[in-house]
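Here the structure comes first, spelled out in structure tokens, and everything after it is commentary.
The values are calculated or read from the model by the stated rules, or taken from the named source; none is laboratory data. Predicted model only: the values in this text are computed from it and were never measured. Note that each Cβ is placed from the backbone with ideal geometry, even for glycine, and that neighbours are counted across all protein chains shown. The accessibility values were calculated without ligands, DNA or RNA, using every heavy atom of the protein model including side chains. Shrake-Rupley method; radii C 1.70, N 1.55, O 1.52, S 1.80 Å.
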Protein chains: 2
Amino acid sequence: MDRLKAGWFSELNDLWPGMCLSLQVDKVLHQEQSKYQDIMVLQTKNHGKALILDGIIQCTETDEFSYQEMISFLPLCSHPAPKKVLIVGGGDGGVAREVAKHPAVEEITQVEIDEGVLRVSREHLPFMGCGLEHPKLTLHVEDGFKFMAEHREQFDIIITDSSDPVGPAVSLFQKSYFSLMQQALRPGGIVCSQAGTVWASLDHVCQTFSHCHQVFPRTAYAITSVPTYPTGQIGFVLGSLNQETNFKEPLRIFSEEELDQMGLRYYSAEVHRAAFSLPRFAQQALSVR
Amino acid sequence: MDRLKAGWFSELNDLWPGMCLSLQVDKVLHQEQSKYQDIMVLQTKNHGKALILDGIIQCTETDEFSYQEMISFLPLCSHPAPKKVLIVGGGDGGVAREVAKHPAVEEITQVEIDEGVLRVSREHLPFMGCGLEHPKLTLHVEDGFKFMAEHREQFDIIITDSSDPVGPAVSLFQKSYFSLMQQALRPGGIVCSQAGTVWASLDHVCQTFSHCHQVFPRTAYAITSVPTYPTGQIGFVLGSLNQETNFKEPLRIFSEEELDQMGLRYYSAEVHRAAFSLPRFAQQALSVR
């Protein structure tokens with residue numbers, strides 16, 4: 001963290017060896033060690049406020065919308081009636097903010113293990129923290145595993161908005177986690193999990209995809225662009241209990257006016273379809289699973 | 001360039017303010033000041049060899065294929081019979097390597113202004129430099145403006161593989177350049193130019209798109225993912241003299257076997273279509289032009 005002193009935050013991690021993204025920092029707004037992780041909020045020079053967990057950029061104000069919109073609307077628009085939604089993780093509130101926009105959604109349940117992230121986001125990142133205050137949302141500060149084991153067949157959609165598979169989120173990438181999600185879904189339910197990038201960690205993506213594939217009859221991997229994530233993009237693994245689900249063709253297609261009203265800046269039906277068109281090398285690697 | 005001493009190369013530029021990508025470096029393989037720019041070749045720790053011009057990463061061995069395949073096959077597969085191709089710039093040879101793979105291409109003419117880039121690529125970057133030796137290729141060390149002014153109505157496709165609009169490539173983003181290209185094309189001809197990223201330089205992308213739009217009856221903007229470029233992606237402006245051209249639907253669709261034979265690792269017909277599906281904010285910005 002030497003560069004922080006020199007006015008830059010640098011993100012180094014073995015998940016993306018030999019490359020490093022740095023953001024110019026005006027001020028450190030907050031730093032604490034919670035029970036689970038190091039939480040830091042930066043005022044950057046050109047990317048607004050940034051949330052950093054254990055030294056890894058989780059979101060910046062200027063580009064978080066692409067991640068939040070895509071992890072939310074890809075599964076929501078692939079389900080014919082996504083009434084009850086569970087969010088695991090997502091403590092910054094960004095996913096709740098987006099999920100609440102979808103007109104079919106009636107109830108949102110969120111389970112975040114780290115009270116610190118909720119508190120810091122509410123205080124320092126109101127553009128995302130606002131999602132935590134939505135009247136449709138019920139928030140639980142608890143372990144997602146435990147919560148799902150106690151809530152069977154209750155949700156139409158489960159979105160796992162986790163940090164990377166180092167630290168507290170490791171267990172959210174295992175097969176046992178996908179099995180728990182399967183049991184917490186109502187018939188025809190759909191899951192969508194953050195699942196790394198094919199450029200820096202293709203093996204890891206394939207492994208997560210394989211775990212999902214062993215549990216769900218329909219699966220897919222989708223990509224979105226997030227400039228302040230390593231390699232500039234991130235992927236999602238999706239699984240459906242409904243054999244008929246065609247993830248590439250959204251069931252709900254919003255008009256431009258509706259997209260405007262919801263304030264969507266990245267997602268559209270066209271972007272939805274394109275997100276599943278993978279580079280050949282990634283398509284081939286995932287096909288053998 | 002202090003970090004180079006500490007084992008990292010860092011790319012700082014006003015085109016993407018407040019963010020910086022760094023690559024870990026094992027060795028500086030070459031450095032020279034040519035007549036036009038500073039040319040450097042690095043052996044990186046995890047991204048193979050890298051070509052740097054005036055301090056900006058042009059290509060790394062591990063991800064250059066996505067750029068080279070897309071800037072070549074997007075225009076080639078949008079044309080019914082791309083027999084004669086002109087490449088402006090592209091001194092590393094990567095675009096020539098890809099263009100030569102397309103079975104309809106009969107003659108490739110390349111005009112690169114900097115002899116130094118050609119020499120350095122042949123010596124240090126043979127995985128791209130090999131493209132410069134293809135029997136279909138005729139190479140001219142010359143200014144692209146001058147060359148096109150002297151060669152009217154000769155090409156089916158013109159690909160401009162330039163560096164960013166700082167330094168020697170500035171003129172390749174102006175309206176006068178698009179007009180020259182138009183005059184160098186045969187009827188129904190298509191151009192494809194490197195055109196920056198919508199995340200870091202949306203205004204610049206819109207400006208280049210506007211220049212193209214003023215000259216060509218059909219235009220489009222496409223995106224590809226390149227992890228070692230700023231924001232992790234780059235775009236292309238395409239223009240066609242043929243009113244009927246639908247860039248989103250390739251006219252030539254290769255089978256998986258043909259794609260394998262050509263060694264394509266990124267491009268497919270599906271990826272072609274998806275490349276034109278822009279994030280809403282970019283789609284809206286480009287629509288007003």
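The table that follows gives values for the structure above.
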item	result
Residue within the range B:160-170 that is of a type in the set (D, E, K, R), more than 14 Å from every other protein chain (Cβ to nearest Cβ) and open to solvent by 30 Å² or more (accessible area, probe 1.4 Å) present	no
Pick from the range A:1-56, criterion closer than 22 Å to A:V141 by Cβ and of a type in the set (S, T, N, Q), ranking: nearest to the other protein chains (Cβ to nearest Cβ)	A:Q31
Residue match in the range A:87-95 (condition: small (G, A, S), touching a strand residue (DSSP E or B) at 6+ places or on another chain (Cβ under 6 Å) and open to solvent by 10 Å² or more (accessible area, probe 1.4 Å))	yes
Residue check, A:A222 open to solvent by less than 10 Å² (accessible area, probe 1.4 Å) and touching a residue at least 60 places away in the same chain (Cβ under 8 Å)	yes
Residue match in the range A:26-36 (condition: closer than 27 Å to B:V226 by Cα and of a type outside the set (F, W, Y))	no
Filtered residues of the range B:112-159 (kept if open to solvent by 20 Å² or more (accessible area, probe 1.4 Å) and hydroxyl-bearing (S, T, Y))	B:T138
Selection within the range A:238-279 - at the interface with chain B (Cβ under 9 Å from one of its Cβ atoms) and in a loop (DSSP other than H, G, I, E, B)	A:L264, A:R265, A:Y266, A:Y267, A:S268, A:A275, A:F276, A:S277, A:L278, A:P279
Number of the exception - B:V28 against (1) touching a Phe, Trp or Tyr at 6+ places or on another chain (Cβ under 8 Å); (2) surrounded by fewer than 20 Cβ atoms within 10 Å (Cβ to Cβ)	(1)
Those residues of the range B:127-145 which are more than 12 Å from B:A100 (Cβ to Cβ) and of a type in the set (A, V, I, L, M, F, W, C), in sequence order	B:F127, B:M128, B:L139, B:V141, B:F145
Leading residue by the ranking (nearest to the other protein chains (Cβ to nearest Cβ)) among those in the range B:210-219 that are in contact with a strand residue (DSSP E or B) (Cβ under 6 Å, 6 or more places away or on another chain) and either more than 29 Å from B:P80 (Cβ to Cβ) or buried (at least 22 other Cβ atoms within 10 Å of the Cβ) (or both)	B:T219
Test result for A:S163, hydroxyl-bearing (S, T, Y), in contact (Cβ under 8 Å) with a residue 60 or more places away in the chain and not assigned by the TED database to the domain that holds A:Q33	yes
Yes/no for B:V85 being within 21 Å of B:L137 (Cα to Cα) and of a type in the set (A, V, I, L, M)	yes
Filter result for A:S287 (more than 8 Å from chain B (Cβ to nearest Cβ), among the hydroxyl-bearing types (S, T, Y) and free of Cβ contacts under 8 Å to residues at least 60 places away in the same chain)	yes
Tabulated pairs, the range A:4-20, first farther than 20 Å from B:G18 by Cβ, second modelled with pLDDT of 90 or more and open to solvent by 60 Å² or more (accessible area, probe 1.4 Å), C-beta under 8 angstrom, 6+ apart or interchain	A:P17/B:K45; A:P17/B:N46; A:G18/B:K45; A:G18/B:N46
Residues (of a type in the set (A, V, I, L, M, F, W, C) and within 14 Å of another protein chain (Cβ to nearest Cβ)) located in the range A:171-204	A:V198, A:W199, A:A200, A:L202
Residues (of a type outside the set (D, E, K, R) and either in a helix (DSSP H, G or I) or modelled with pLDDT under 95 (or both)) located in the range B:114-125	B:G116, B:V117, B:L118, B:V120, B:S121, B:H124
